[in-house]
Structure formats: structure tokens, C-alpha cells
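Chemist: Quick one: structure below, then a few questions.
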Amino acid sequence: MELLLDTVNLDTIKKYADVISLAGVTSNPSIVKKERPIDFYKHMREVRQIIGKERTLHVQVVGQTAEAMLADAHMILEELDDQVYIKVPTDMTGLAVIKQLKKEGIHVTATAIYSEFQGYLAIAAGVDYLAPYYNRMINMNIDSDLVIKHLANQIQREQSTTKILAASFHTVQQINASLVMGAQAVTLGPDLLETALNSPAISAAVAGFKADWESLYGANATLASLSVK
Ligand SMILES: O=C[C@H](O)COP(=O)(O)O
């Protein structure tokens, strides 16, 4: 499983890079808007510096024509580095761009996926990752689990190297479900990590262990402090 963060907040990335087995960082224009960086490329270079080259960095094009998207992609690679995954919306224009980028040997993440068919086209185009939007599909009354399952089946049938990078999560249960359905990677907002790991049940368990331990050995005693050597 690959676990990515769907944020470009530098402090958040720094914090979680030390906590979880972080596989990379994903962004899109809405995620960038939350940080409002004055200098976009400088900010993204800082993200890369934090995560290093061994983790994946996914940056989305914003152009509205194939030419503009290709120009965006080339500029991203020039300003950042040639290992960046170029995120391209999987529509008619985007597919033409994906085809060209793959011809140039560039890493591509096909994004804004709401249907199996979009995913099948992206797999056929040889993208590295495809990003189905789990919660947005649910809001459209689309069975996200089934879409991800069908995409995973297609990848297997085609013996493709494309990975499913499921995105757009609003609950931890959605993340679990997408992994069960066959997603190889998930990208999540830091709020979901907080929710998952700061639950009252976990805190209550930790408090209970602390109380039992302290009733035996006194307050502040740790295993390290009990050593007699
Ligand atoms: O890049 C895609 C995002 O993960 C979409 O997430 P969202 O539906 O919460 O905006």
C-alpha cells in the first residue's frame, strides 16, 4: 500500500513524513489555493525538498487546451524535476495530452476519474497512476467500490503496471473500502489521519494502561527507568 498526503502545507508534510510511511504528495489547484503560496514553483520545490526524490510528487496541469497543458507539464518538469508525476484530468483533451506525455516518457497520473470507462482509457494509455474520486462519486450516487474493483480487475487482466491512487476521501471507512477493492495507493487529507489516530477510544486505552502501570511502579516510572543495570 502507498499512503500519500493530499496537501501542500509544508508543516503538515514535515510532521507526517516523520510519523507515517509516506509514499508521496498529491496536489491540485484547489489544494494549492488553501496555501496561497506567493511563488508556486518555489513552494513546490520546498515540498520536494521535504519529501525527497524517493517519494512521488504529483502536480496538476491547469491549461484548458492540449497545447497549454503540455506547456504546463514541461514547465513543471523544468522548474521542479523530471521525476514529477504530471496530473492530467481524464477528459477528451486530457487523454490527448496523456498520450503525448507518455510518448515522451513522462510520469503521468490520470485524475478526475468518475467512471470505469475513463479509467480503462487511462490504463490503455499507459498512465502510471489513475485517481478515482471516491467521495465525489458517492455524492453522484455512483458505487465507488464497484468502480475501483472493476478498475483493479482491468489492470490485472491487462497485466498493466498502472496503479490505482484513490482520492477524494471524507471518511476513514472510504479509505479502507478502496484498499479492499484493490487500490494500490490512497491519498488523504491530514484531517483524516487526525481523526483516525486521535479517537477517544485510543486515548482511553492509553490512559488505562498508564494508570495500571503507575499503580504498580509509581508516577512517571517508565520501562527504561526501571532498569537496574
Ligand atoms: O485531487 C483530488 C482530490 O483528492 C479531490 O478531493 P475532494 O473531493 O475532497 O476535493
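Chemist: What number of residues in segment 166-181 are more than 16 Å from the ligand (Cβ to nearest atom) and either under 15 Å from residue 110 (Cβ atoms) or surrounded by fewer than 19 Cβ atoms within 10 Å (Cβ to Cβ) (or both)?
Modeler: Adding up the residues that qualify gives 2.
Chemist: Out of 30, 21, I need the residue that is within 16 Å of the ligand (Cβ to nearest atom), under 22 Å from residue 169 (Cβ atoms), without any contact (Cβ under 8 Å) to a residue 40 or more places away in the chain and hydroxyl-bearing (Ser, Thr, Tyr). Which one? Break it down into steps so the answer makes sense when it comes.
Modeler: Working: 21 fails: within 16 Å of the ligand (Cβ to nearest atom).
Only one candidate qualifies: 30.
Here's the yes/no breakdown for (1) closer than 30 Å to residue 175 by Cα; (2) outside any helix (DSSP H, G or I):
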position: 194; (1), (2): yes, no
position: 204; (1), (2): yes, no
position: 208; (1), (2): yes, no
position: 212; (1), (2): no, no
position: 221; (1), (2): no, yes
position: 225; (1), (2): no, no
position: 228; (1), (2): no, yes
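Chemist: Could I ask something else about it? Output yes when any residue across segment 195-211 is within 15 Å of the ligand (Cβ to nearest atom) and under 19 Å from residue 31 (Cβ atoms), and no when none is.
Modeler: Taking segment 195-211 first, the residues within 15 Å of the ligand (Cβ to nearest atom) are 195.
Of the ones still in play, those that are also under 19 Å from residue 31 (Cβ atoms) are 195.
Yes, segment 195-211 contains a residue that is within 15 Å of the ligand (Cβ to nearest atom) and under 19 Å from residue 31 (Cβ atoms).
Chemist: Among the residues of segment 79-100, write down those that are within 14 Å of the ligand (Cβ to nearest atom), under 15 Å from the mean Cα position of the chain (by Cα) and not hydroxyl-bearing (Ser, Thr, Tyr).
Modeler: 86, 87, 88
Since every read-out is calculated from the coordinates, none of them should be taken as a lab result. Since we're looking at a predicted model, the values are computed, not measured. Cβ: placed from backbone, ideal geometry, glycine included. Neighbour counts: every protein chain shown.
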